[in-house]
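To start, the structure under review is shown below, and the notes come after it.
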Amino acid sequence: MGNGWIDLGGQVAVVTGAASGIGKATCFALAGAGAKVIALDLDLQGAQSVATAIGGAAHGLDVTSEFEWHAVADWIEAEYGRLDILVNSAGIAISDSVGDADLVNYHKTFAVNVEGTLLGMQVALDFMRKQGKGAIVNLASTASLKGNPIMASYGASKATVAHFTRSAALQNARTQNDIRINAVLPGLVETAMADDFYGIFDKIGSPDDVRGAFTTGRPARPEEIADVILFLASDRASFVSGASIVVDRAASA
Ligand code: NAI
């Protein structure tokens, strides 16, 4: 059962960071289009409550752990035998600047945002190459488009996500398979992470100017990002791969 325009019936979709915000909204959007959704998060209880609401399944996962990714892959293979869609939404935001970047925070940021996404793509591509088909959507950010004095590591991590996305997309497109990999770059989205961003904005002298780089009038609702992810995950986006889709209501235009 699909939503009319997008039908993901028979497809297995995996979402990281599924307990909250964009990941959670994406689980609802994918399930609404008929996909069997597997909700993954460090917060297993949160993932389970999403899974219960959409008739999907949940599994605990720290995206930074290669070991845990492989355990999840084995479980998916045993339970479902396939993986059609991966959405890498797990992420963290810590404020820092190049002048005083704390390497501990830098490593944490890159471990979750970059290595977590890379490991997820590797696991998904193992399934998708066998199937000859699949779609991956990675969450980058408009914070990756311009330098930012107070979110240096975060912006760099998201720029890396977008670049890995392009490399993976090109590699697969050249082998003539039907695997597409895209990045979504939201501006400010009203989620738990937005509270972190507001705290970061308030740290500097002219918060309105900084806020203005990420939002025009209002932040996005998570569902407004999930709808774009849903489109990219579906065959409606059959010729879209390697793209960085900005979803910020012109804030970075
Ligand atoms: P959120 O904070 O609401 O949710 C993030 C989820 O990721 C949480 O459920 C958390 O438990 C999970 N998570 C964190 N570390 C994890 C780990 N090591 N392993 C597994 N799960 C982990 O965040 P939100 O806003 O939904 O963000 C989703 C993605 O969108 C992130 O990658 C974020 O960087 C990106 N993004 C968010 C924006 C915003 O304004 N909220 C703007 C642009 C991009």
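The values are calculated or read from the model by the stated rules, or taken from the named source; none is laboratory data. Please read all numbers here as calculations on a predicted model, not as lab measurements. Virtual Cβ from ideal backbone geometry, glycine too; neighbours counted across all protein chains shown. Note: accessible area is taken over every heavy atom of the protein model, side chains too, but ligands, DNA and RNA are not part of it. Shrake-Rupley method; radii C 1.70, N 1.55, O 1.52, S 1.80 Å.
Does region 84-95 include one or more residues that are surrounded by fewer than 19 Cβ atoms within 10 Å (Cβ to Cβ) and farther than 24 Å from S157 by Cβ?
There is no residue in region 84-95 that is surrounded by fewer than 19 Cβ atoms within 10 Å (Cβ to Cβ) and farther than 24 Å from S157 by Cβ.
If you take the residues in region 138-176 that are open to solvent by 70 Å² or more (accessible area, probe 1.4 Å) and part of a helix (DSSP H, G or I), which one is farthest from the ligand (Cβ to nearest atom)? Even if it seems obvious, please write down each step before you answer.
Pass one, region 138-176, residues open to solvent by 70 Å² or more (accessible area, probe 1.4 Å): 145-147, 149, 163-164, 166, 170-171, 174-176.
Applying the additional criterion that residues be part of a helix (DSSP H, G or I) yields 163-164, 166, 170-171, 174.
Values: H163: 15, F164: 13, R166: 17, L170: 22, Q171: 22, R174: 27 Å.
The extreme case among them is R174.
For region 220-246, which positions are open to solvent by 30 Å² or more (accessible area, probe 1.4 Å) and either modelled with pLDDT under 95 or within 15 Å of the ligand (Cβ to nearest atom) (or both)? It would help to see each step written out before you state the result.
Filtering region 220-246 down to residues open to solvent by 30 Å² or more (accessible area, probe 1.4 Å) leaves 221, 223-224, 227-228, 231, 235-236, 238-241, 244-246.
Within region 220-246, R221, E223, E224, D227, V228, S244, I245, V246 qualify.
Looking at region 98-117, which of its residues are out of contact with any helix residue (DSSP H, G or I) (no Cβ under 6 Å at 6 or more places or on another chain) and either in a helix (DSSP H, G or I) or buried (at least 17 other Cβ atoms within 10 Å of the Cβ) (or both)?
G99, D100, L103, V104, N105, H107, K108, A111, V112, E115, G116
Would you tally the residues in region 65-85 being closer than 14 Å to Q131 by Cα and of a type outside the set (V, I, T)? Steps first, please.
Residues of region 65-85 that are closer than 14 Å to Q131 by Cα, as a first pass: 77, 80-85.
Filter once more, so that each one left must be of a type outside the set (V, I, T): 77, 80-84.
Going through region 65-85 one residue at a time, the tally reaches 6.
When you scan region 47-66, do you find a residue that is of a type in the set (S, T, Y), touching a strand residue (DSSP E or B) at 6+ places or on another chain (Cβ under 6 Å) and farther than 23 Å from H107 by Cβ, even just one? Talk me through it step by step, then tell me what you get.
Initially, region 47-66 is screened for residues of a type in the set (S, T, Y), giving 49, 52, 64-65.
Narrowing further to those that are touching a strand residue (DSSP E or B) at 6+ places or on another chain (Cβ under 6 Å): none.
No, there is no match, as no residue in region 47-66 is of a type in the set (S, T, Y), touching a strand residue (DSSP E or B) at 6+ places or on another chain (Cβ under 6 Å) and farther than 23 Å from H107 by Cβ.
Consider region 63-82. How many of its residues are of a type in the set (D, E, K, R), closer than 21 Å to L42 by Cβ and touching a residue at least 24 places away in the same chain (Cβ under 8 Å)?
Keep residues of region 63-82 that are of a type in the set (D, E, K, R), which gives 66, 68, 74, 77, 79, 82.
Right, trim to closer than 21 Å to L42 by Cβ and you get 66, 68, 74, 79.
Within this subset, residues satisfying the condition of being touching a residue at least 24 places away in the same chain (Cβ under 8 Å) are 66.
Here the count works out to 1.
Restricting to region 83-114, count the residues that are away from the ligand (no atom under 14 Å from the Cβ) and touching a residue at least 24 places away in the same chain (Cβ under 8 Å).
So in region 83-114, the residues away from the ligand (no atom under 14 Å from the Cβ) come out as 83-85, 96-104, 106.
From what is left, the residues that are touching a residue at least 24 places away in the same chain (Cβ under 8 Å) are 83-85, 96-98, 101, 106.
Number of matching residues: 8.
Given (1) under 14 Å from I94 (Cα atoms); (2) among the hydrophobic types (A, V, I, L, M, F, W, C); (3) open to solvent by 10 Å² or more (accessible area, probe 1.4 Å), identify the lone condition not met by A194.
(3)
Among the residues of region 178-195, are any within 14 Å of the ligand (Cβ to nearest atom) and free of Cβ contacts under 8 Å to residues at least 12 places away in the same chain?
There is at least one residue in region 178-195 that is within 14 Å of the ligand (Cβ to nearest atom) and free of Cβ contacts under 8 Å to residues at least 12 places away in the same chain.
In this structure, does T16 turn out to be in contact with a helix residue (DSSP H, G or I) (Cβ under 7 Å, 6 or more places away or on another chain), near the ligand (Cβ under 9 Å from one of its atoms), open to solvent by 20 Å² or more (accessible area, probe 1.4 Å) and among the β-branched types (V, I, T)?
On the way: in contact with a helix residue (DSSP H, G or I) (Cβ under 7 Å, 6 or more places away or on another chain): yes; near the ligand (Cβ under 9 Å from one of its atoms): yes; open to solvent by 20 Å² or more (accessible area, probe 1.4 Å): no; among the β-branched types (V, I, T): yes.
Considered against the rule, which asks whether it is in contact with a helix residue (DSSP H, G or I) (Cβ under 7 Å, 6 or more places away or on another chain), near the ligand (Cβ under 9 Å from one of its atoms), open to solvent by 20 Å² or more (accessible area, probe 1.4 Å) and among the β-branched types (V, I, T), T16 comes out as no.
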